[in-house]
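J.: First, the structure itself, so that you have it in front of you.
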Amino acid sequence: VRLPRVLSGIQPTADSFHLGNYLGALRQWVALQQDHEAFYCVVDLHAITVDWDPETLRRRTLVSAAQLLALGVDPARSTLFVQSHVPEHVQLSWVMESLARFGEASRMTQFKDKSQREGAAGTSVALFTYPVLQAADILLYQADRVPVGEDQRQHLELTRDLATRFNNRFGTSFRLPEAHIVQGTAKILDLQSPDKKMSKSLPPAGCIDLLDDPKVTGKKIRSAVTDTGREVVADPEGKPGVTNLLTIHSALSGRSVGDLEEHFAGRGYGDLKKELAEVVGDFVTPVRGRTQELLDDPAELQRTLAQGAARAREVAGRTVADVYDKVGF
Ligand code: ADP
Ligand code: NA
């Protein structure tokens, strides 16, 4: 039997993933391996759609791959690779760009958001067309499912539209991917501004990096902004800070929020923070250690990624050969 295929990518745009990345996305990558044929990539091509430094990008690509392995992406089971190692992404992307309409690309709200800062005229053409590259990323592997958050839904729709357009005009080459809404993802808020999601673009004090020293994560948690009142109860409107800490605890400890509320009944925010610091410390310590081990042997890590790229190219190469033949190349 063919297991359903899943494709997902993450940008190497930070020196460490953070707890939001893990609880909102990467944890599901690990879980999906159980009953999917998974293709996971570090999407370095996407990382150059905004200004970049080559050495930083190179470092972050490796660190990102090492963290994925440390978190439990299993290269014996799943295909883990770096996007730029697989030239088929760009090869298919060009065909997709030729099918995509300027009007539909212009409607992508992420571009509108991202280009707002500098104005569209100053942004790269690649930032404008990156949803088309993303479509190629997905279609190359004939993915059945793509885990997507709300912000990526529109891009998956574009992917399906382009695939349908191609299939209708040239004959069926692409499987239409479905959005996979993953169970158990949590939206994690910034510890200092719990009205915003935890993000690498906010100051580090509110963001728990997976590669942080547990002493640092402990300090960040102890100084997390909490709410007025003293009871440890979940109340997203009235107590976003405390609720966020409970969400993180629950996600990492596997205990329900209700169970935790009982556990902390009659105790204060200080107790919650103290215990959460331990829970987070117990999680990040082995991830950090394993990542460091992997980075200490870059040749072995490169070999793992080369094997992943070779396996990815077997599948991607078949798709490109079929498409290039159909379009007249
Ligand atoms: P950042 O917001 O730090 O720039 P990215 O946009 O690179 O993170 O997100 C990478 C993945 O992590 C995406 O799947 C995104 O939905 C998820 N993610 C990012 N931040 C959070 C968060 N605070 N809570 C839950 N998921 C998140
Ligand atoms: Na972001």
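The values are calculated or read from the model by the stated rules, or taken from the named source; none is laboratory data. Fair warning: this is a prediction, and the values are worked out from it, not measured in the lab. Please note: Cβ atoms are built from the backbone with ideal geometry, for glycine as well, and neighbour counts cover all protein chains shown. Protein only, heavy atoms only, side chains kept; ligands, DNA and RNA dropped before computing areas. Shrake-Rupley method; radii C 1.70, N 1.55, O 1.52, S 1.80 Å.
J.: Can you tell me which of Gln142, Gln83, Gln154 is within 16 Å of ligand 2 (Cβ to nearest atom) and either open to solvent by 10 Å² or more (accessible area, probe 1.4 Å) or within 19 Å of the chain's Cα centre (by Cα) (or both)?
T.: Of Gln142, Gln83, Gln154, the one residue that is within 16 Å of ligand 2 (Cβ to nearest atom) and either open to solvent by 10 Å² or more (accessible area, probe 1.4 Å) or within 19 Å of the chain's Cα centre (by Cα) (or both) is Gln154.
So that you can scan it fast, the table gives a plain yes or no per residue for (1) within 15 Å of ligand 2 (Cβ to nearest atom); (2) of a type in the set (A, V, I, L, M); (3) at pLDDT 95 or above:
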position	(1), (2), (3)
Val6	no, yes, yes
Ile10	yes, yes, yes
Phe17	yes, no, yes
Ala66	no, yes, yes
Ala70	no, yes, yes
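J.: Okay, next question. Take the residues in the range 213-270 that are charged (D, E, K, R) and open to solvent by less than 40 Å² (accessible area, probe 1.4 Å), then tell me which one is farthest from Thr185 (Cα to Cα).
T.: Asp227
J.: Now a separate question. Inside the range 28-42, can you point out the residues that are in contact with a helix residue (DSSP H, G or I) (Cβ under 9 Å, 6 or more places away or on another chain) and more than 10 Å from ligand 1 (Cβ to nearest atom)?
T.: Those that are in contact with a helix residue (DSSP H, G or I) (Cβ under 9 Å, 6 or more places away or on another chain) and more than 10 Å from ligand 1 (Cβ to nearest atom): Val30, Ala38, Phe39, Tyr40, Cys41, Val42.
J.: Within the set of pairs 6 or more residues apart or between chains, which connect a residue that is near ligand 1 (Cβ under 6 Å from one of its atoms) inside the range 189-201 to a residue that is of a type in the set (Asp, Glu) with Cβ atoms less than 8 Å apart?
T.: What qualifies is Lys197/Asp190; Met198/Asp190; Ser199/Asp190.
J.: Follow-up. Which condition number in (1) farther than 19 Å from Val287 by Cβ; (2) open to solvent by 30 Å² or more (accessible area, probe 1.4 Å) is the one that Val43 fails?
T.: Unmet for Val43, out of (1) farther than 19 Å from Val287 by Cβ; (2) open to solvent by 30 Å² or more (accessible area, probe 1.4 Å): (2).
J.: Touching a Leu at 6+ places or on another chain (Cβ under 6 Å) and either in a strand (DSSP E or B) or β-branched (Val, Ile, Thr) (or both), is that true of Ala179?
T.: The answer is yes for Ala179.
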